[in-house]
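Notes follow once the structure below has been shown.
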Amino acid sequence: MRPTFPILALLLALPLLGNSGCDADDDDDDAGVCENEDRAVPYEAGMEIDGDEGALSLSLDAAVPDPPDLGDNDWTLTVSEAAGGAKAGCVLTATPWMVDHGHGSNEPVSAATDAAGGTLLEELDLIMPGYWTIAVEAVCDDGTEDRFQFDFCVEG
């Protein structure tokens, strides 16, 4: 005869184990997850931020979906020199990070700028509702480098 007690105990414990860790279903109602979030900056098409090094500025010209939301996001960005004027010859790499949960999403997303300093970052995946920082690093072929950070809250 096989021992059934350990198997039965394991089956009874499974529902308890399934509700631990970082799970998109942690809250029964994700609506309002951003209601009291004061670290996030409201999205606005054309919002511009200066780089940490002061060499470049970055404009988030458009986001699909608008505002950034759960799932794949496509961002149209323009890189400019701090003194003004488009900055061609740069590669932008965006890395989403969920600060409160200590994890990112999938692989970082990269794209090169065109002659007008513009680029499209596709499939920037925000995998769950909550506060996200999206670090964007610009590395240009003339040696110029700068870093930017967008802070958004995603309702889902």
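Meeting the requirement of 2 or more residues that are out of contact with any Lys or Arg (no Cβ under 8 Å at 6 or more places or on another chain) and under 19 Å from Ala45 (Cα atoms), the strands (runs of 3 or more DSSP E) wholly within the stretch 65-156 are 71-81, 90-98, 118-126, 130-140, 145-154. Restricting the stretch 32-52 to residues that are loosely packed, with under 13 Cβ neighbours inside 10 Å and acidic (Asp, Glu), the residue that is farthest from Lys87 (Cα to Cα) is Glu35. Identify the residue in the stretch 122-152 that is touching a strand residue (DSSP E or B) at 6+ places or on another chain (Cβ under 7 Å) and of a type in the set (Gly, Ala, Ser) and, among all such residues, is surrounded by the fewest Cβ atoms within 10 Å (Cβ to Cβ). Among those residues, the one meeting the criterion is Ala135.
No value in this document is a laboratory result; all are computed from the given coordinates. What you see is a predicted model, and the numbers here were worked out from it, not measured in a lab. Glycine also receives a Cβ, built like all others from the backbone with ideal geometry; neighbour counts cover every protein chain displayed.
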